[in-house]
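All remarks here apply to the structure that follows.
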């Protein structure tokens with residue numbers, strides 16, 4: 001799942017990505033659905049416990065303000081910023 005929001009006034013581009021994807025693999029010789037195995041792939045494998053990844057391009061001050069607002073949503077368990085330097089697979093977020 002991917003969602004994009006672009007604010008023209010502030011030139012802020014926000015993307016939300018699902019961090020994981022499951023793929024059902026049919027086992028050789030398997031004739032039933034239940035013997036298939038499921039393989040999980042992660043967009044950002046260094047943070048497999050994270051369900052969604054937010055990517056922001058533009059004014060970082062506006063993004064910080066945006067993070068403060070969405071952190072107040074009661075359904076969110078946690079939200080944190082990961083510095084680009086700490087991400088090993090940041091090239092997975094380059095789609096343009």
Give the number of residues within region 54-82 that are over 13 Å from residue 14 (Cβ atoms) and either part of a helix (DSSP H, G or I) or touching a residue at least 12 places away in the same chain (Cβ under 8 Å) (or both). 5
In region 80-94, is there at least one residue being in contact with a strand residue (DSSP E or B) (Cβ under 8 Å, 6 or more places away or on another chain) and either loosely packed, with under 14 Cβ neighbours inside 10 Å or at pLDDT below 80 (or both)? yes
Can you pull out every residue in region 1-19 that is assigned to a strand (DSSP E or B) and either farther than 17 Å from residue 48 by Cβ or at pLDDT below 85 (or both)? 2, 3, 4, 5, 6, 7, 12, 13, 14, 15, 16
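The values are calculated or read from the model by the stated rules, or taken from the named source; none is laboratory data. Being a predicted model, the structure only gives us computed values, none of them experimental. Quick reminder, even Gly has a Cβ in these numbers, built from the backbone with ideal geometry, and neighbours come from all protein chains shown.
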